[in-house]
Every structure is written in structure tokens, then in C-alpha cells.
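For reference, the structure is listed below as C-alpha cells.
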């Protein structure tokens with residue numbers, strides 16, 4: 001439907017077979033994505049693809065567009081990636097969806113690590129340890145803390161640099 005132009009000018013994602021309208025992006029959201037891309041791209045060139053707001057084939061009925069996706073190296077000209085090392089959502093008005101449906105979806109499809117850059121509370125929530133399709137661990141990281149990407153433990157990022 002999107003390829004036919006039915007949602008022209010609208011931000012939508014396919015989640016669990018439903019077309020979900022996404023809230024408009026504002027400067028804080030866009031700035032967060034920009035900072036993440038500047039932090040991650042130089043450190044992961046040749047090791048992983050850093051995709052910004054591009055489709056992720058989570059399941060047959062779900063094709064979200066995470067703000068940042070670290071996916072295995074590959075050629076994605078014909079198919080969207082189906083696996084990811086890390087997915088990141090920058091959240092303000094979308095916080096409930098990002099903590100709810102998206103966290104559930106990402107855990108169900110086996111994404112081992114999911115970050116929510118929580119602009120409301122000025123922290124980064126790291127979701128990990130999937131058990132029966134659910135993230136069992138949610139660790140908040142605040143200003144002054146440093147994060148490491150589980151798949152790339154040599155990549156360390158200051159929370160202050162993200163927020």
C-alpha cells in the first residue's frame with residue numbers, strides 16, 4: 001500500500017499486521033538520531049551496517065522502521081534485514097509504543113539488545129536477556145554512565161554524548 005502512495009506524507013509502520021501512525025518528529029528526536037549516527041558510524045564501518053530509519057523485517061506482519069539499526073553486513077537491496085545486533089528508538093511522544101509493542105516485537109524476533117533513548121526522563125534504557133520472547137532485563141543508564149554494545153564490546157559510548 002505504501003508503494004502505491006496511500007500513505008504519502010504520513011509516518012506509518014506495520015506492527016503486528018496493523019498500520020500504526022507514528023508521531024511527528026521534532027528537533028530533540030531528530031538531534032538524538034543524528035548524534036547516534038555520528039557516534040556509531042565511524043566505529044562500526046566494515047563491521048555492521050548502521051541503518052537510520054529504514055525498514056526491519058521483524059516478521060511477516062511487522063515491518064518497523066527503528067531510528068537506528070545495527071544489522072549484519074550484507075546486501076539489502078532486495079530484502080530488508082531480518083536480524084539485528086542492536087535496535088535503537090529515540091523516544092519522547094512514542095515512549096509508550098517503544099516500551100510496549102516495539103519492545104515485545106523486537107524480543108519476539110530475537111533482537112538481543114534494544115535501546116530506548118528516553119528523552120522524557122533523560123536516560124537510555126537498555127533491554128536485554130530474552131527469555132520466552134520477552135526482555136527480562138531493563139537497565140537504565142544516566143548521564144555520567146557509559147554504554148557498551150553487547151555485539152561489539154569494544155564500542156563504548158558515553159550517555160552524555162547520546163543525550
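The values are calculated or read from the model by the stated rules, or taken from the named source; none is laboratory data. These figures come from a predicted structure and were not determined experimentally. Here the Cβ positions follow ideal geometry from the backbone for every residue, glycine too, while neighbour counts run over all protein chains shown.
For the stretch 104-123, the set of residues classified as surrounded by fewer than 17 Cβ atoms within 10 Å (Cβ to Cβ) and more than 23 Å from residue 63 (Cβ to Cβ) consists of 120, 121, 122, listed by residue number. Looking only at residues in the stretch 124-163 that are touching a helix residue (DSSP H, G or I) at 6+ places or on another chain (Cβ under 7 Å), in contact (Cβ under 8 Å) with a residue 40 or more places away in the chain and part of a strand (DSSP E or B), the one that is surrounded by the most Cβ atoms within 10 Å (Cβ to Cβ) is 157.
Name the strands (runs of 3 or more DSSP E) wholly within the stretch 1-97 that hold at least 2 residues that are at pLDDT 80 or above and under 20 Å from residue 148 (Cβ atoms)?
Answer list for the stretch 1-97: 49-52, 68-71, 86-91.
Residues in the stretch 64-103 that are surrounded by fewer than 16 Cβ atoms within 10 Å (Cβ to Cβ), free of Cβ contacts under 8 Å to residues at least 60 places away in the same chain and over 21 Å from residue 42 (Cβ atoms): 75, 77, 78, 79, 80, 82, 83, 96, 100. Taking each residue of the stretch 22-46 that is without any contact (Cβ under 8 Å) to a residue 60 or more places away in the chain and looking for partners that are surrounded by fewer than 17 Cβ atoms within 10 Å (Cβ to Cβ) and not in a loop (DSSP other than H, G, I, E, B) with beta-carbon atoms closer than 7 Å, six or more apart or interchain, yields 33/52; 37/52.
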